[in-house]
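The values are calculated or read from the model by the stated rules, or taken from the named source; none is laboratory data. Remember, it's a predicted structure, so these values are computed and weren't measured experimentally. Glycine also receives a Cβ, built like all others from the backbone with ideal geometry; neighbour counts cover every protein chain displayed.
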Amino acid sequence: MLIMHLAQSTCVCVCVCVCSFGSNLREFLVLEYASGLFSHHSLWQLAVDYFDHCPEFGRVYLELQMERVPLETERKALKVLRICEQRQMNEQVRSICKIMAKRALSNNRLGSALSWSIRAKDAAFATLISERFLQDYCTRGSFSDLDLIDNLGPAMLLSDRLTFLGKYREFHRLYGEKKFTEAAKLLLSLMTAKIAPRSFWMTLLIDALPLLEQKEVIFSVDQTHELMFCLEELTSDNSKLEPERLAQDDDVESTKLELLRLALARNLAMAIVKEGTVEA
């Protein structure tokens, strides 16, 4: 009697499976087997191939399973990401990248966080991390993760702040290569094209000081006037003036402004003489 009861139960189970999956009992069994493999820490990648061979429900099962894979390490996250990208599972790709970007940021690994946010095409998070890069620069006076910033390429267009970060780094590179004319043009364009955040204008103007003090005239008359306009626009409303790198007292701010005005006035006079001589 017991054997007959088990046989009847098995028959009922198979009938339910057939009803649930149409006539494709094979797919049901493969899905169950693959789901079991996925729970194993070293066999989960093998399960992916089984899901791929289930045309009706395989992708749905795989998407659900990929969302549950614990991303203990960056190496494992990259494996999961590659599987999702190969199958154009875009939502899972974005989810993985966001998780890893937030984790990297919480560990103050700005380069990794920015790389993951770019991969996720997350403009808001890329903006946040770019702000952190700029704050870090103001504190330390140098950029971290230069290889990443130097090779942003089209990715810098993901957000305005990321664009500024990439262009500002390019200014430093040009200056380091003593391409002063190109560096000056880029620095000015960051302000006049409103790419630079207003809070960063004073930093840019201070960066212009070494160019203004070169023996050779770098900024033309028109460019000098534009720098003067930016400085006056910035200082016209003291509530918007945010000192960046140095001590935050009024005496230091006054000294910075005085140095800038003096350097701009001197450069303007030299530029007028130079351009007047050329025309003559």
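Contact annotation: residue pairs with Cβ atoms under 7 Å, 6 or more positions apart or on different chains, pairing a residue in region 204-229 that is part of a helix (DSSP H, G or I) with a partner that is surrounded by fewer than 19 Cβ atoms within 10 Å (Cβ to Cβ), are I206/K256; L209/L259; L211/F180; V221/I272; V221/E275; E226/T192.
Please state which of the following conditions I195 fails to meet, knowing it meets all the rest: (1) touching a helix residue (DSSP H, G or I) at 6+ places or on another chain (Cβ under 6 Å); (2) surrounded by fewer than 21 Cβ atoms within 10 Å (Cβ to Cβ); (3) assigned to a helix (DSSP H, G or I); (4) not hydroxyl-bearing (S, T, Y). Answer for I195: the failing condition is (3).
Of these, V252, V273, which one is at pLDDT below 85 and in a helix (DSSP H, G or I)? So the residue among V252, V273 that is at pLDDT below 85 and in a helix (DSSP H, G or I) is V252. Of all residues being part of a helix (DSSP H, G or I) and either touching a residue at least 40 places away in the same chain (Cβ under 8 Å) or polar (S, T, N, Q) (or both) in region 80-113, which is surrounded by the most Cβ atoms within 10 Å (Cβ to Cβ)? Just the residue, please. Result: Q92. Exactly one residue among L158, L165 is closer than 25 Å to A124 by Cβ, surrounded by 20 or more Cβ atoms within 10 Å (Cβ to Cβ) and touching a Ser or Thr at 6+ places or on another chain (Cβ under 6 Å), and that residue is L165. Kindly establish whether Y61 is crowded, with 17+ Cβ neighbours inside 10 Å, free of Cβ contacts under 8 Å to residues at least 24 places away in the same chain, outside any loop (DSSP other than H, G, I, E, B) and of a type in the set (S, T, Y). Against the criterion (crowded, with 17+ Cβ neighbours inside 10 Å, free of Cβ contacts under 8 Å to residues at least 24 places away in the same chain, outside any loop (DSSP other than H, G, I, E, B) and of a type in the set (S, T, Y)), Y61 does not qualify.
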